[in-house]
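K.L.:
Before we start, here is the structure in question, set down as structure tokens.
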Amino acid sequence: MNPADVKKKLDKVGCGFCLAKWTQVTLHLGTGMTHSCHHPSPHKIPLSELKRNPSALHNTRHKKSRRKEMLEGKRPDECNYCWNVEDNSNSFSDRVFKSTEPWSINDFQKIKNSDWREDINPRYVEVSFGNACNFACAYCGPQYSSKWVEEIEKHGGYPTEHNFNAIDQIKERGHMPYKQSEYNPYVEAFWEWWPDLYPDLHTFRMTGGEPLMSKDVWKVLEYIRDNPSINPNLSLSINTNLGVPDKLIDRFIEIAKDLCDNNKVRELIVFTSVEATGAQAEYSRFGLKYNKFWENVDKVLTILPKVTINIMATYNALSVFSYGNLVDKVFEYKKKHANGERYWTSAIQLDTAYLRWPTHLSVKILKPEQKELILAAAEKALYYGIIEFTKNNYCFSNVEIQKLKRLYDYAIGEDDFNTTKYRKDFVKFVDEYDNRRGTNFLKTFPQFTELYAEYK
């Protein structure tokens, strides 16, 4: 269904009705947090509820109360992002887009007529089992990286205005994950729920940390491999930095090949991340070996011709100067691995989002002439899309191009962003980053020399 028709259906129930509250869940099992959408902040899953009902990983009292409001035609306050979009623009909000997804809209009638007290199994599940990771990306933190935990336990938070990644603040918010060696009741509840959850799943995605370092991720993959008849229509996705040891990459490829070649899943999508090229990519994604990353991309796409790789490029201030080169690289791989086997139109997709936190790494700290490079990257992708439009199995899609253009709109958009304050924090951050990690910011990013000197 198109978004306009879906919105009409939703609004007949109520102007705040959103199917995602029922059909979709993201589980941060390392911290015991859950939410059904990335806009509201995750909330803690009460252990008392889990003892009686492992599906309370999704069906918390908090979430059920929001469902009640929606069925009564009310707008939950935590969903204000969507209400602002709907009330102040002609655009469709994520309430509509998330409800349009097949795992949502197909259950519209059942959910419309349901009792808000009912437990429901979501059709879309995204899960992180913990924060084990061999990278410490500049914009990441202890919630998602054990390498970051090691650093801040040794050195403390960064000397920005908000004491970036200070461990006491993270603990205070309840975002400090369980250690791998510790008993985790949330993971235990997941495995109690899993046999009931798995058969009806439409989409299952594993995130991290680095999932290939998680024993529970391997347990999931082996379960799906060994039980092919339970849900052969599953869309399976996994995040990985593609920077783990070769033995883990090879182990994953072996299982993935079995799943794909023997039709044990409907599709398999690998999500990975890179936002720049060369030394600048290695600086921001600390732990990355840039050439090895692309070797592993090539390896996956060569051995697994049915797999799609999605490059998640979280655009930030450290991306801008080599982002055009990244567009070139992605296009090179689109051409190299073009075939008709994949679910999407090409073997590799560029999925661009802009970074809002930490604020000192936002593209909004850039100078106007630097922001223009964002638009140049979008225009390059558009050019590649035009010249190869007759071979659309490897051109940049309209969605990819529009997301790139959206970055520029965000960068130049007027708001209450305090440029001076965050540029000062940016300089403090990179100085401390260099001190801790033995890197050299100005050698890696000479384009920042003027801004750095001005705010030092």
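K.L.:
Working out 0.36 nm times the residue gap between SER48 and LEU442, then minus their Cα-Cα distance, what length gain in nm do you get to one decimal? If you can, show how the numbers build up before the last one.
P.N.:
Details: separation 394, 0.36 × 394 = 141.84 nm, distance 5.15 nm.
Using 0.36 nm per residue and subtracting the Cα-Cα distance, I get 136.7 nm.
K.L.:
Multiply the residue gap between PHE97 and ASN84 by 0.36 nm, knock off their C-alpha separation, and tell me the result in nm, one decimal place. Working shown, then result.
P.N.:
Numbers: separation 13, 0.36 × 13 = 4.68 nm, distance 1.51 nm.
The span from PHE97 to ASN84 would gain 3.2 nm if fully extended.
K.L.:
Here's another thing I want to ask about it. Return the ratio Rg/(2.2 N^0.38 Å) for the stretch 3-119, where Rg is computed over Cα atoms only.
P.N.:
On the way: Rg = 13.9 Å, N = 117, 2.2 N^0.38 = 13.4 Å.
So the Cα radius of gyration is 1.04 times the expected 2.2 N^0.38 Å.
K.L.:
Step through the table entries LYS364/LYS421; LYS147/LYS443; LYS74/LYS112; LYS219/LYS264, compare each Cα-Cα distance with 20 Å, and write down the pairs that go over it. Working shown, then result.
P.N.:
Values: LYS364/LYS421 12 Å; LYS147/LYS443 24 Å; LYS74/LYS112 14 Å; LYS219/LYS264 16 Å.
The answer is LYS147/LYS443.
K.L.:
Quick test of the membrane-span-like rule: which DSSP H helices of the chain reach at least 27 Å along their long axis (C-alpha atoms) with mean Kyte hydropathy at least -0.5? Present the calculation step by step, with values, prior to reporting the outcome.
P.N.:
Values: long enough: 368-387 (29 Å, 0.29).
Span-like helices in the chain: 368-387.
K.L.:
Related question: Could you tell me the ratio Rg/Rh of the chain? Both radii from Cα atoms, Rh via Kirkwood.
P.N.:
0.95
K.L.:
Cα-Cα pairs above 22 Å in the stretch 146-412: how many percent? Walk me through the numbers on the way to the answer.
P.N.:
Working: 22109 of 35511 pairs.
Tail of the P(r) past 22 Å holds 62 percent of the pairs.
K.L.:
List the Cys residues of the chain that have no partner Cys with a C-beta closer than 4.7 Å.
P.N.:
CYS15, CYS18, CYS37, CYS79, CYS82, CYS133, CYS260, CYS395
K.L.:
Counting only DSSP beta bridges with both residues in the stretch 146-412, what percent are antiparallel, rounded to the nearest 5? All intermediate terms of the calculation are to be shown ahead of the outcome.
P.N.:
Working: 0 of 21 bridges.
Here the antiparallel bridges make up roughly 0 percent for the stretch 146-412.
K.L.:
Just list whichever of LYS9/LYS306; LYS335/LYS371; LYS154/LYS215; LYS171/LYS367; LYS7/LYS63 have alpha carbons separated by over 25 Å in the model shown.
P.N.:
Details: LYS9/LYS306 36 Å; LYS335/LYS371 28 Å; LYS154/LYS215 27 Å; LYS171/LYS367 35 Å; LYS7/LYS63 22 Å.
From the list (LYS9/LYS306; LYS335/LYS371; LYS154/LYS215; LYS171/LYS367; LYS7/LYS63), the Cα-Cα distance tops 25 Å for LYS9/LYS306; LYS335/LYS371; LYS154/LYS215; LYS171/LYS367.
K.L.:
Considering all alpha-carbon pairs of the stretch 54-126, what whole percent are spaced by more than 18 angstrom?
P.N.:
Working: 1240 of 2628 pairs.
In whole percent, the long-distance tail amounts to 47.
K.L.:
When all C-alpha to C-alpha distances in the stretch 1-67 are sorted into bins of 5 Å, what percent of pairs does each bin hold, rounded to whole numbers?
P.N.:
4, 16, 25, 21, 13, 10, 7, 4, 0
K.L.:
Taking H as built 1.01 Å from N, whose amide H comes closer than 5 Å to the amide H of PHE271, not counting residues under 5 places away?
P.N.:
For PHE271, whose amide H was placed from the backbone, the distant partners under 5 Å are ILE238, ASN239, THR240, ASN310.
K.L.:
Can I ask one more? Which translational diffusion coefficient, to the nearest whole µm²/s, is obtained for the stretch 84-179 from the Stokes-Einstein equation, given a Kirkwood hydrodynamic radius over C-alpha pairs, 10 °C and 1.306 mPa s? Walk me through the numbers on the way to the answer.
P.N.:
Values: Rh = 17.2 Å.
Stokes-Einstein gives a translational diffusion coefficient of 92 µm²/s.
K.L.:
Next up: How high is the relative contact order of the stretch 3-119, given as a whole-number percent (alpha carbon pairs under 8 Å, six or more residues apart)? Walk me through the numbers before you get to the answer.
P.N.:
Values: 137 pairs, mean separation 40.2, N = 117.
Computed over the stretch 3-119, the figure is 34 percent.
K.L.:
Whats the longest run of the chain with zero GluC sites (Glu not before Pro) that are DSSP loop and have at most 16 other Cβ atoms within 10 Å?
P.N.:
On the way: sites that count: GLU72, GLU118, GLU161, GLU182, GLU341, GLU414.
Maximal segment without exposed cleavage sites: 183-340.
K.L.:
Please report VAL274, VAL265 as a ranked list, fewest other C-beta atoms within 10 angstrom at the top and most at the bottom.
P.N.:
The order, fewest Cβ neighbours first, is VAL265, VAL274.
K.L.:
Please give the calculated 222 nm ellipticity per residue for the chain, where each DSSP H segment of at least 4 residues contributes -39500 (n - 2.57) and the sum is spread over every residue; nearest 500 deg cm²/dmol? Don't skip to the end; give the middle numbers.
P.N.:
Details: 21 runs with 214 residues, N = 456.
Calculated mean residue ellipticity at 222 nm is -14000 deg cm²/dmol.
Every read-out reported here was derived from the displayed coordinates using simple, explicitly stated rules and does not represent laboratory data. Nothing here was measured: the structure is a model prediction, and the numbers come from that model. Reconstructed Cβ throughout: ideal geometry from the backbone, glycine too, with neighbour counts over all protein chains shown.
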